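Down below is the structure, laid out as structure tokens.
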Amino acid sequence: MTETHTSLEPSELPPPAWDQIETVLLDMDGTLLDLHFDSHFWLEHLPKRYAQLHKLDEASAKETVISAINGQRGTLNWYSLDYWAKCFELDIVELKREVQHLIGFRSDAKHLLEFLQQHNARIVLATNADQHSLKLKLPPTGLDQYVDDIVSSAQLGIAKEDPAFWQALQSEVAYNPATTLLIDDNEEVLDSAQAYGIQYLYTILQPDMRSPERTVTRYPGVKTFNQITR
């Protein structure tokens, strides 16, 4: 059973054994990038635009949208903009562009990326975001310039919540689970990675910078990346 962790002060969170880590797997949304863009889009902007474009009242539109989204949680459909475009009969990519000014890094994510560039490890962006989302988020952030590889669950055909994802990832990026670090805000993803044998696992206490921090997590929780780059 996974140990439950309460929020620790920066000096109390033990950093990983960097001298033993050969591969660093990084999530994108909610880990490196502020999840506020996604939270606002799916919970506020999309229901509002769905109501306008389909001539519905906003309350019922929001209920319809959120119910449909929750029904696909943890699946590839959850992360597929093409799926949601068909489901809602809307141009989801274009609607996302309406609020793309909200796309940005979490507080000190660049500090982590710059630290990792000085560390002798392979840096892999392992994301559930599909190609539409990557094309929307990589240009304004330049995130791709900080990593060695980018692998999406869409290209593997398996969501990260499935332990089979980590085996499939080996076909794209050869890595040793015993010398690999994964940072991800989604604890279901961390569960699947742990089941596969990935050794070093951290989660994020505040994926959405405008929402409260989580105070209890099942994995060591990072408040600021300074905590683990000592």
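A short reminder: the numbers here are calculations on the coordinates, not readings from a lab. What you see is a predicted model; the values in this text were computed from it and never measured. Neighbour counts are summed over all protein chains in view; Cβ atoms, including those assigned to glycine, are modelled from backbone coordinates with ideal geometry.
Of the conditions (1) crowded, with 17+ Cβ neighbours inside 10 Å; (2) closer than 19 Å to T31 by Cα; (3) among the basic types (K, R), K96 satisfies every one except a single condition; which number is it? That leaves (2) as the condition not met.
Look at (1) buried (at least 16 other Cβ atoms within 10 Å of the Cβ); (2) over 21 Å from F225 (Cα atoms) and you find that Q167 fails only one, number (1).
Looking across the stretch 171-199, the residues that are more than 14 Å from the chain's Cα centre (by Cα) and of a type in the set (D, E, K, R) come down to E172, D191. Starting from residues that are under 16 Å from V24 (Cα atoms) and without any contact (Cβ under 8 Å) to a residue 24 or more places away in the chain, keep the ones in the stretch 144-170 and report whichever is farthest from the chain's Cα centre (by Cα). Of everything passing the filter in the stretch 144-170, Q170 is farthest from the chain's Cα centre (by Cα).
Regarding Y202, is this residue in contact with a helix residue (DSSP H, G or I) (Cβ under 6 Å, 6 or more places away or on another chain), buried (at least 17 other Cβ atoms within 10 Å of the Cβ) and closer than 22 Å to P163 by Cβ?
In short, no.
Within the stretch 74-103, being in contact (Cβ under 8 Å) with a residue 40 or more places away in the chain, at negative phi and not in a helix (DSSP H, G or I) holds for T75, S80, L90, E98, V99, I103. Does the stretch 155-163 include one or more residues that are farther than 21 Å from P16 by Cβ, among the acidic types (D, E) and in contact with an Asp or Glu (Cβ under 7 Å, 6 or more places away or on another chain)? Among the residues of the stretch 155-163, at least one is farther than 21 Å from P16 by Cβ, among the acidic types (D, E) and in contact with an Asp or Glu (Cβ under 7 Å, 6 or more places away or on another chain), which makes the answer yes.
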